[in-house]
Amino acid sequence: MKLDKLFQILVPKDKKFYPLFKEASANVVESSALLIEMIRCNDSHLREEFVIKIKACEKKGDKLTKNLLTELNSTFITPFDREDIYDLATRLDGVVNLINTSAKRIVLYNLQTIPNEFVEMVDLIHVCTNGIDKIFSGLKDVHSLLQYNADCSLIHDIEGQSDDINHSYLAKIFSEETNGVELIKKKDILASLEKAIDRCDDVVDIIQTIIIKNA
């Protein structure tokens with residue numbers, strides 16, 4: 001048995017990283033839920049209020065990431081590989097950052113009508129963040145992560161769906177949108193929404209790496 005595996009067996013159950021990761025995943029779910037409400041809101045002033053709330057989630061996410069990295073730098077024996085803890089923390093924070101970017105662009109660009117494709121993307125982001133929050137329950141004991149394989153697969157499938165929506169909508173606006181400024185606005189918002197799903201997929205890739213390493 002490798003020495004690091006032996007250490008992981010002997011070390012007490014994780015009491016540092018797990019609570020922080022679960023708080024971070026819950027924060028991502030909250031930000032995506034706010035984005036769902038915002039994307040369905042037709043009042044521009046109310047949208048601005050949602051941006052403020054989502055920005056608060058983004059700041060909270062930054063703080064939690066900083067706390068995770070501080071724990072990582074001060075802990076000798078970690079519950080799983082150090083590089084995976086770092087990647088998991090930073091990729092998860094990236095999801096919140098991109099949700100915040102999407103919300104800001106919607107308000108900044110003053111979109112009067114929200115395309116259905118944007119609503120679909122936001123719904124998919126929320127499904128992904130809920131899936132991640134569920135999967136992170138397995139971080140309390142990394143050997144139990146295998147039971148979340150179906151949830152990982154679902155998020156991979158959603159990433160593929162988002163690609164399809166992205167390509168289809170880009171083809172649509174390039175053929176139908178006659179206002180070049182509006183085209184750029186919609187393209188930018190769509191890009192940040194798609195990247196948020198890509199970051200969710202990155203989180204799942206890291207989880208599956210952890211599963212393989214601890215099998």
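The values are calculated or read from the model by the stated rules, or taken from the named source; none is laboratory data. Nothing here was measured: the structure is a model prediction, and the numbers come from that model. Every residue, glycine as well, gets a Cβ built from its backbone with ideal geometry; the counts of neighbours run over all protein chains shown.
Can you pull out the residues in the range 60-76 that are touching a residue at least 12 places away in the same chain (Cβ under 8 Å) and not hydrophobic (A, V, I, L, M, F, W, C)?
Residues satisfying the conditions are K60, G61, D62, T65, N67, E71, T75.
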- Query: From D188, D202, which residue is closer than 16 Å to V96 by Cα, of a type outside the set (S, T, N, Q) and either touching a residue at least 40 places away in the same chain (Cβ under 8 Å) or in contact with a strand residue (DSSP E or B) (Cβ under 6 Å, 6 or more places away or on another chain) (or both)?
  - Reply: D202
- Query: Among the residues of the range 30-44, is any surrounded by fewer than 20 Cβ atoms within 10 Å (Cβ to Cβ), of a type in the set (A, V, I, L, M, F, W, C), modelled with pLDDT of 85 or more and within 24 Å of L88 (Cβ to Cβ)?
  - Reply: yes
- Task: May I ask you to verify whether I212 is modelled with pLDDT under 95 and either farther than 20 Å from V95 by Cα or assigned to a helix (DSSP H, G or I) (or both)?
- Result: yes
- Query: From the residues in the range 97-122 that are buried (at least 16 other Cβ atoms within 10 Å of the Cβ), among the aliphatic types (A, V, I, L, M) and under 13 Å from I36 (Cα atoms), which one is nearest to the chain's Cα centre (by Cα)?
  - Reply: I99
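Rundown of residues vs (1) in a helix (DSSP H, G or I); (2) among the aliphatic types (A, V, I, L, M); (3) farther than 18 Å from N116 by Cα, yes/no style:
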{"residue": "H143", "(1), (2), (3)": "yes, no, yes"}
{"residue": "Y148", "(1), (2), (3)": "yes, no, yes"}
{"residue": "D151", "(1), (2), (3)": "yes, no, yes"}
{"residue": "I158", "(1), (2), (3)": "yes, yes, no"}
{"residue": "S162", "(1), (2), (3)": "yes, no, no"}
{"residue": "H167", "(1), (2), (3)": "yes, no, no"}
{"residue": "A171", "(1), (2), (3)": "yes, yes, no"}
{"residue": "T178", "(1), (2), (3)": "no, no, yes"}
- Item | Residue within the range 95-104 that is closer than 18 Å to L190 by Cα, charged (D, E, K, R) and out of contact with any Cys (no Cβ under 7 Å at 6 or more places or on another chain) present | yes
- Message: Name the residue that is surrounded by the fewest Cβ atoms within 10 Å (Cβ to Cβ), counting only residues in the range 77-96 that are in contact with a helix residue (DSSP H, G or I) (Cβ under 9 Å, 6 or more places away or on another chain) and without any contact (Cβ under 8 Å) to a residue 40 or more places away in the chain.
- Response: R82
- Query: Does E176 qualify as being without any contact (Cβ under 8 Å) to a residue 60 or more places away in the chain and closer than 30 Å to L146 by Cα?
  - Reply: no
